Amino acid sequence: MRGRRMYVIGGLLGALSAPSSAWAWPVDQALTLEPGRETFQKLTAVDWAESDAPNVVTAEALSQSGELLLTPHTEGIARVLLYAEGRFAVWRVMVGPIELQNTAAQLAAAKKACPDLKATEGVERSLTATVNDNACRLALRAFFKTHAYLAKELDLTFAVPQLQAQLEDFAAGMPPGLTVRYSGAGLVLSGKTDREGHRKALWELFNRAVGRVPLEDRTEVEAPQPKPADAATQEALDATVSDVPVDAGVPPAPPPVKRKAAPKKPR
């Protein structure tokens, strides 16, 4: 039995309707749902969606109507990756009354690693920082995994060596057949893979990155291969008439009857 439904209309998928895609920690949007209450999100476009914790919430993209159906199952936190027209975003979906963690320790560690970090809270919350070394980049990534900020609230400046270090992290997480490179201020993902490989690559880009970065997705996704028939079905498909025994319930055909030739008439 399905639970109650709730419709939410609005441009919540701003990352997918914007000119460039946002990806990387922190998440783009955060929602809180009630257990057993389905939620429909009306979006500009959505091709597919995937939850990293389907036991907490499942996500189904209704591409024809441009809706996202979120079905919460049990209390917890899940992240949902949404993809549309070559761009993607990640949402944090919390189900039930969730006690938010205290992020003071992560913020203190980030400030220590990034000396010029400035963070404001409240309605106009924002965070600015310069990423000069690995310690700063990794401390920010740990802090951004909390609920403290959304991607749109950040303003980060990367030193060139840190852009290269982050690119090496991306490359290490790519499945076979895919490559990543920078093109100007954005990243280009290209190559050929199947659906699972494509989704794995997008998750890896999100999990390994810090801050918003434009992405150009040039991946060629192969169509799923048909599942092979099981042994019994394949054997039946391969069978021929000559494989059927004579006594398989069908009597053999009678031999042909020879007819005598009529005598010739005298001339």
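Tabulated results
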{"read-out": "Top-ranked residue in the range 187-207 [being of a type in the set (Gly, Ala, Ser) and within 12 Å of the chain's Cα centre (by Cα); ranked as nearest to residue 222 (Cα to Cα)]", "value": "197"}
{"read-out": "Test set (1) surrounded by 12 or more Cβ atoms within 10 Å (Cβ to Cβ); (2) aliphatic (A, V, I, L, M); (3) at pLDDT 95 or above - residue 172 fails condition number", "value": "(1)"}
{"read-out": "Yes/no for residue 85 being surrounded by fewer than 16 Cβ atoms within 10 Å (Cβ to Cβ) and among the acidic types (Asp, Glu)", "value": "yes"}
{"read-out": "Entirely in the range 103-166, the strands (runs of 3 or more DSSP E) that have 3 or more residues that are of a type in the set (Val, Ile, Thr)", "value": "126-131"}
{"read-out": "Any hit, the range 243-258, residues being within 16 Å of residue 25 (Cβ to Cβ) and either modelled with pLDDT under 95 or open to solvent by less than 50 Å² (accessible area, probe 1.4 Å) (or both)", "value": "no"}
{"read-out": "Checklist (1) assigned to a strand (DSSP E or B); (2) farther than 30 Å from residue 216 by Cβ applied to residue 80, failing item", "value": "(2)"}
{"read-out": "Of all residues in the range 29-54 being assigned to a loop (DSSP other than H, G, I, E, B), at pLDDT below 95 and within 12 Å of residue 71 (Cα to Cα), the one that is most open to solvent (accessible area, probe 1.4 Å)", "value": "34"}
{"read-out": "Boolean, residue 200 is open to solvent by 60 Å² or more (accessible area, probe 1.4 Å), of a type in the set (Lys, Arg) and either modelled with pLDDT of 75 or more or not in a loop (DSSP other than H, G, I, E, B) (or both)", "value": "yes"}
{"read-out": "Condition broken by residue 95, with the remaining ones in (1) open to solvent by less than 60 Å² (accessible area, probe 1.4 Å); (2) at positive phi satisfied", "value": "(2)"}
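The values are calculated or read from the model by the stated rules, or taken from the named source; none is laboratory data. Fair warning: this is a prediction, and the values are worked out from it, not measured in the lab. Heads up, the Cβs are rebuilt from the backbone with ideal geometry, glycines too, and the neighbour counts pull from every protein chain shown. Note: areas computed on protein heavy atoms with side chains; ligands, DNA, RNA excluded. Shrake-Rupley method; radii C 1.70, N 1.55, O 1.52, S 1.80 Å.
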